[in-house]
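One structure below.
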Amino acid sequence: MTVAKNGRTLRTLKISSGKKGFETWNGTMVVLSKVPMIRMNSRTVGIFGPEAYNLGSVKWDVQLTTSGTYVHAAPWNAGKFGEVNGSHGCIGMSASDANWFYDQVQLGDPVTAVNSVDTVAVDNGYGDWNVDWNTWRKGSALG
C-alpha cells in the first residue's frame, strides 16, 4: 500500500487484503470513521460457518465502507503482509503500520484499492468516486 499526501509518497506499507471469495473492493473509498479499537464479528457482515470469526480487540480501525471494509492492525496475519492476501475483505497490516496509517488519515480522505475483482458499489459508503460523470448525473435531480 502506497500512502501519499499532496502527490508525495509518505510510506509504502506491507498489507494483506481479501483472499479468494472475500476480495477487497476495487475502487476509491472514503474514510468514514476511525476508532482505536473495536470488536469484529463476522456475523455482522453475513459470514458464518468455517470462515466465521469473532475478534475482540482489533486495533487502529479505519472504516472505508458501510458494509464493513476497514484498514486495521491484523497481527494474526503477520506472515502474509506483502506476500499473500488472507483477510475477509479488510486491508490488514502490522500494528505499528496500522497505528501510523490511523494517525495519518482524516475523515473524508480517499483510499483507492486496485487489482481486485469487483468495484465498490456507489451506495456502500461514498462510492460516487467510481462512477463516470454521465452515469452519476443520470441519478441526480438534474438528470
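Side notes on the structure shown:
- Percent carbon-and-sulfur accessible area, the stretch 1-134, ignoring ligands, DNA and RNA, probe 1.4 Å: 51 percent
- When only the Cβ of Lys, Arg, Asp and Glu is charged (+1, +1, -1, -1), the dipole of the stretch 98-140 relative to its Cα centre reaches about 180 debye.
- Calculated FRET efficiency, residue 3 to residue 55, Cβ-Cβ distance, R0 = 22 Å: about 0.35 to the nearest 0.05.
- Cβ crowding within 10 Å averaged over residues, with 97-105, 76-84, 48-56, 61-69 ranked highest first: 61-69, 97-105, 76-84, 48-56
- Degrees between helix 95-104 axis and first principal axis of the chain (Cα, 0 to 90, nearest 10): 30 degrees
- Cross-link pairs beyond the 22 Å C-alpha cut-off, checked among 34/59; 59/80; 14/59: none
- GNM result for the chain, Cα springs below 10 Å: residue of 131, 71, 58 fluctuating most strongly: 131
- Probe 1.4 Å, protein heavy atoms only - accessible area per residue of the chain in square angstrom: 59 Å²
- Backbone N within the stretch 88-124 under 15 Å of label point (7 Å from residue 78 Cα along the Cβ vector): 93-98
- Assuming charge only on the beta carbon of Lys and Arg (+1) and of Asp and Glu (-1), the dipole of the chain about its Cα centre is about 200 debye to the nearest 20.
The values are calculated or read from the model by the stated rules, or taken from the named source; none is laboratory data. Given the structure is predicted, the values throughout are model-derived calculations rather than measurements. Reconstructed Cβ throughout: ideal geometry from the backbone, glycine too, with neighbour counts over all protein chains shown. These area figures cover heavy atoms from the full protein model, side chains too; ligands, DNA and RNA do not enter into them. Shrake-Rupley method; radii C 1.70, N 1.55, O 1.52, S 1.80 Å.
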